[in-house]
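Below is one structure, written out as structure tokens; the observations come after it.
The values are calculated or read from the model by the stated rules, or taken from the named source; none is laboratory data. Model, not experiment: these values are computed from the prediction. Cβ placement follows ideal geometry from the backbone for every residue including glycine, while neighbour counts extend to all protein chains displayed.
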Amino acid sequence: MIRLKYTPIALLGIGFLALTNFTTESNSLVPLNLPSLKEVYKDDFLIGTALNAGQIDEKSPKETQLIAEQFNAATPENIMKAEVIHPRWDQYNFTYADKLVEFGKKNKLAINAHTLVWHSQLPPFVRKIKRADSLQLFLKEHIQTVAGRYRGKVQSWDVVNEALNEDGTLRKSIFLNKLGEGYLVEAFRLAQAASPETQLYYNDYNNEQPAKRAGCIEIIKKIQAAGVRIDGVGIQGHWHVGKIPLQHIEESILAYAALGVKVAITELDIEVLKRDFQGAEVSQRMSNEQGLNPYTSGLPDSLQQQLARDYESLFKLFVKHKDKIARVTFWGVHDGQSWLNGWPVRGRTNYPLLFDRQYNPKPAFYKVIQAHQ
Ligand code: XIL
């Protein structure tokens with residue numbers, strides 16, 4: 001019997017199994033031997049990343065490993081937006097959001113859900129709504145159903161995203177136009193009722209800029225005055241290399257904290273390519289003129305170093321105000337994943353994050369690690 005076990009064929013089988021096991025293990029178990037962002041900042045704030053569908057599906061074991069080693073928070077890049085999670089009046093699609101919650105449990109990531117009320121990435125049926133009472137009903141059912149399902153499973157919700165114009169007035173979105181400004185308080189009231197333990201955030205880009213910041217403060221005060229909870233404000237943090245508005249960021253952290261809410265940097269990336277406007281309105285585009293995509297075969301060293309210095313000064317500022325900051329989330333794990341390769345010009349090669357396209361750390365990664373001291 002014993003002899004039989006070790007026939008050449010059986011040995012071949014064992015060898016093959018050992019080999020496959022070894023390959024899987026070498027992908028998922030051997031540490032990457034890097035300092036870890038989440039470890040270095042563990043007493044300060046959470047370090048998050050946006051995750052796309054492929055990452056939630058664990059398509060690349062090495063990428064999964066990098067996520068688990070470096071981050072302790074995650075935001076769904078797209079899969080909890082209304083167009084994905086609520087495609088028709090009476091139809092929800094929770095497949096990926098449920099998977100994300102599982103992925104979070106497995107890899108010890110807090111889930112920062114994004115987003116309940118936003119004018120972009122709405123399903124077509126919402127855009128077609130004519131009557132105020134129908135839109136009101138959508139808002140109510142959407143928040144009750146989606147926030148209710150993830151009650152106790154997500155740490156925070158971006159309840160409302162991008163409700164402001166650059167001058168601090170309210171954006172004329174479908175929600176403002178049909179429901180009036182009361183929709184803001186109503187959204188937070190509904191989210192609080194559906195998911196009482198979840199931290200509720202208002203999230204926007206450029207809300208570190210003085211005029212937009214003033215509008216953001218008005219929103220927070222209005223919600224507080226109505227006796228409704230708002231726990232934090234998200235500053236998205238889509239900034240440009242060499243032009244980080246550090247002073248405005250610091251003033252904003254102080255101003256928001258003075259209202260008794262936490263600050264989170266929710267979508268951090270630092271773009272290195274040319275742009276003819278500021279901000280992150282996803283419907284805004286630039287035409288693909290010549291010269292807009294100059295670094296297809298690599299980033300010049302001067303820019304690489306500038307990017308690293310920008311990240312360093314940002315993280316020094318965040319550490320200075322760590323008592324007011326709940327979390328810093330990058331809008332992606334590595335450069336290859338970044339939305340900035342496709343927006344506002346399609347098909348560019350951008351370099352906005354801490355890891356490169358091969359998942360290797362860039363100089364900016366080490367500067368962020370060092371910025372902690
Ligand atoms: C972006 C995603 O990264 C893209 O994949 C998608 O095509 C468009 O939206 N502000 C936000 C995010 O709040 O949801 C946006 O994410 C980037 C700007």
Check whether at least one residue in segment 86-93 is touching a strand residue (DSSP E or B) at 6+ places or on another chain (Cβ under 9 Å), under 19 Å from V159 (Cα atoms) and not acidic (D, E), and report yes or no. no
Checklist (1) within 16 Å of the ligand (Cβ to nearest atom); (2) free of Cβ contacts under 8 Å to residues at least 60 places away in the same chain; (3) over 22 Å from A97 (Cα atoms); (4) of a type outside the set (S, T, N, Q) applied to Y205, failing item: (2)
Given the criteria under 22 Å from Y205 (Cα atoms), of a type outside the set (D, E, K, R) and surrounded by fewer than 21 Cβ atoms within 10 Å (Cβ to Cβ), does Q278 qualify? yes
Restricting to segment 237-259, count the residues that are out of contact with any Asp or Glu (no Cβ under 9 Å at 6 or more places or on another chain) and assigned to a loop (DSSP other than H, G, I, E, B). 2
Mind listing whichever residues of segment 260-272 are away from the ligand (no atom under 16 Å from the Cβ) and out of contact with any helix residue (DSSP H, G or I) (no Cβ under 7 Å at 6 or more places or on another chain)? G260, K262
Going through segment 72-82 one residue at a time, which ones are out of contact with any helix residue (DSSP H, G or I) (no Cβ under 8 Å at 6 or more places or on another chain) and either farther than 10 Å from T115 by Cα or more than 13 Å from the ligand (Cβ to nearest atom) (or both)? A73
Listed by first then second residue, the pairs whose first member lies in segment 116-138 and is closer than 15 Å to A187 by Cβ, whose partner is in a loop (DSSP other than H, G, I, E, B) and within 16 Å of the ligand (Cβ to nearest atom), with beta carbons under 6 Å and at least 6 positions apart or on separate chains, are H119/S173
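Only residues that are more than 16 Å from the ligand (Cβ to nearest atom), outside any strand (DSSP E or B), touching a residue at least 24 places away in the same chain (Cβ under 8 Å) and aliphatic (A, V, I, L, M): list them for segment 155-178, please.
Within segment 155-178, I174 is the sole residue that qualifies.
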When (1) farther than 23 Å from I79 by Cβ; (2) crowded, with 23+ Cβ neighbours inside 10 Å are applied to N165, the one that fails is (2)
Taking the conditions exactly as written (within 15 Å of the ligand (Cβ to nearest atom), in a strand (DSSP E or B) and among the small types (G, A, S)), does G234 satisfy them or not? yes
Hey, does segment 348-356 have a residue that's in a helix (DSSP H, G or I), within 14 Å of the ligand (Cβ to nearest atom) and modelled with pLDDT of 95 or more? no
For E289, are the conditions met, namely being crowded, with 17+ Cβ neighbours inside 10 Å and acidic (D, E)? no
